[in-house]
Amino acid sequence: MSCEHRTGFFQIRRVKEAQRIQAGSRVPTAHSTCSACMPVRAGQECAGIVTSNGGCPPIYTSLKGMGLVSAAFKAEDLLKHRNANLGIGHTRYSTTGDSELQNCQPFVVDTLHGKIGVAHNGELVNAAALRKKVMRHGVGLSTSSDSELITQLLALTPPMEELDVPDWVARIKNLMSETPTSYSLLVMHKDVVYAIRDPYGNRPLSLGRLVPVSKLHSSGGGEGDTEGWVVSSESCSFQSIGAKYYREVQPGEIVQISKQGIKTLSVVPRPEGDPPAFCIFEYVYFARPDSIFEGQMVYTVRQRCGRQLAIEAPTDCDVVSTVPESATPAALGYAQQAGLPYVEVLCKNRYVGRTFIQPNTRLRQLGVAKKFGVLSDNFAGKRVVLIDDSIVRGNTISPIIKLLKEAGANEVHIRVASPPIRFPCYMGINIPTKEELIANRPEFEDIAGYIGATSVQYLSVEGLVSAVQSGISFHQDKDERITNSNTKSGRRMGHCTACLTGKYPVELEW
């Protein structure tokens, strides 16, 4: 991902990267692609779409802009894409690469067999070595984004490809052999889009079906209702463009999407014995609560985290509340398990962006100051247990506690529905240095005193993993359309907890 991006069908998941193909549909591709990007909660820095008429040769049209999707794209600009019948899109916040328009995706390059468009969500663990390798081939790089590396590697002719016959599966497999993780990709060529997920499944990628509006909320229905196919980092983007969740792209899977429908071309295995490594932080914070991963809704997982937290870290209080909004499901779960009333103590200003993904500390701190109002009638004179989903740098929670105490709370106990974050992420989440993390600073020894809380306790790593994985086994056999060659006996569970434990799923290269 060269940064945390999301794709979303038509508009482009996550969401981070989004893409959509129409199969005889009259739904405008550009407007659909843009609409899919807007539900995505990440990606405040820039957004881009690339559409194609699917002709021979295809005509590609690009549109990119800085800021949120609503600011980057104007209605008159989308008119240039009105004749397109497929497209990919992307929203970005940078984890690598500068916050500049030149790093905005999707990237489009010429290859021996015509133009390709590429959108990437993730961050390559061996980007530095790959940059040197690409440059040794005489290829210049125009951006600091590792997503451009992916584009250039796909443009290189693999050894097994015949000179005049494009073999995109071979090119994609060649790319996957060069870098183990972390990426979910959309590659557009002529009238086809390829959806690819790395063998560890570190970043999410979901498939959806465009259906008639009358069928959108009905249960059942076969593929005969399908008007087109979409792909997104998060399934939450589907409904806004008239699509229904179909399934996830499996770890290592290469899916071809065309007018004929979807087809699995290959599943690239992980090294023998390695489990999957889906990012557990997607469940904790990053994903929208109505997204579906591994057959379970994120909201439900967060509720289980809250229940487990109440078991591990009970407290003698009067009311349970939350730091809105991503911690709300966990707070409800905590209240249910503890038998305490849930009340709202904070009113969120919905016109302020997410503070965690602002690119620098000053902007994050200013965001916190404008973000919340206090509902003092609900808690004045009471002991409050406040549930948060995570404490990364500690910039947000301290002023919130101060607000509550000044508004009349007798006590403010903090319970965190995830373990302390101690290690940086090198696979697409913006946690760049250990020094920034509150759990690694001397103040953590007395974190309650440092942030002004009555007490602070965290969910254990074991408790988080249990809450996440207890719902997967129930759904595990629901969709066996894909024979996953990553295991001999079907799917395995596994999650990346590197930011919590320091155990990375692959060896990092510098």
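The values are calculated or read from the model by the stated rules, or taken from the named source; none is laboratory data. Source: prediction; values computed, not measured. Don't worry about glycine lacking a Cβ; one is built from the backbone with ideal geometry, like all the others, and counts go over all protein chains shown. What goes into the accessible areas is simple: the full protein's heavy atoms, side chains included, and nothing from ligands, DNA or RNA. Shrake-Rupley method; radii C 1.70, N 1.55, O 1.52, S 1.80 Å.
How many residues are in contact with a helix residue (DSSP H, G or I) (Cβ under 8 Å, 6 or more places away or on another chain) and modelled with pLDDT of 95 or more if we restrict to region 270-281?
Summing the residues that are in contact with a helix residue (DSSP H, G or I) (Cβ under 8 Å, 6 or more places away or on another chain) and modelled with pLDDT of 95 or more in region 270-281 gives 2.
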When you scan region 425-432, do you find a residue that is surrounded by fewer than 22 Cβ atoms within 10 Å (Cβ to Cβ) and more than 24 Å from Asn126 (Cα to Cα), even just one? no
Criterion first (surrounded by fewer than 16 Cβ atoms within 10 Å (Cβ to Cβ), out of contact with any Asp or Glu (no Cβ under 7 Å at 6 or more places or on another chain) and of a type in the set (Val, Ile, Thr)) does Val118 satisfy it?
no
(request) Could you please let me know if Arg415 is of a type in the set (Lys, Arg), open to solvent by 10 Å² or more (accessible area, probe 1.4 Å), closer than 30 Å to Ile280 by Cβ and under 27 Å from the mean Cα position of the chain (by Cα)? (result) no
Taking region 31-59 and the residues there that are under 16 Å from Leu186 (Cα atoms) and modelled with pLDDT of 75 or more, the one that is most open to solvent (accessible area, probe 1.4 Å) would be Gly54
When every residue in region 112-152 that is among the β-branched types (Val, Ile, Thr) and in a strand (DSSP E or B) is compared, the one nearest to Cys56 (Cα to Cα) is Ile116
Conditions (1) surrounded by 18 or more Cβ atoms within 10 Å (Cβ to Cβ); (2) modelled with pLDDT of 95 or more -> Pro314 fails only (1)
Here, strands (runs of 3 or more DSSP E) confined to region 60-111 with at least 1 residues that are modelled with pLDDT of 85 or more, of a type in the set (Gly, Ala, Ser) and open to solvent by less than 60 Å² (accessible area, probe 1.4 Å) are 86-94
Is it fair to say Tyr299 is among the aromatic types (Phe, Trp, Tyr), under 14 Å from the mean Cα position of the chain (by Cα), farther than 30 Å from Gly381 by Cβ and not in a loop (DSSP other than H, G, I, E, B)?
no
Of all strands (runs of 3 or more DSSP E) fully inside region 366-471, the set with 3 or more residues that are of a type in the set (A, V, I, L, M) and touching a Ser or Thr at 6+ places or on another chain (Cβ under 8 Å) is 383-388, 411-416
Within region 153-210, the count of residues that are open to solvent by 10 Å² or more (accessible area, probe 1.4 Å), aliphatic (A, V, I, L, M) and part of a strand (DSSP E or B) comes to 1
Contact list, first residue from region 137-166 and within 17 Å of Gly117 (Cβ to Cβ) and at pLDDT 80 or above, second anywhere and β-branched (Val, Ile, Thr) and surrounded by fewer than 17 Cβ atoms within 10 Å (Cβ to Cβ), beta-carbon distance below 6 Å, six or more apart or interchain, is Thr151/Val109; Gln152/Val139; Ala155/Val109
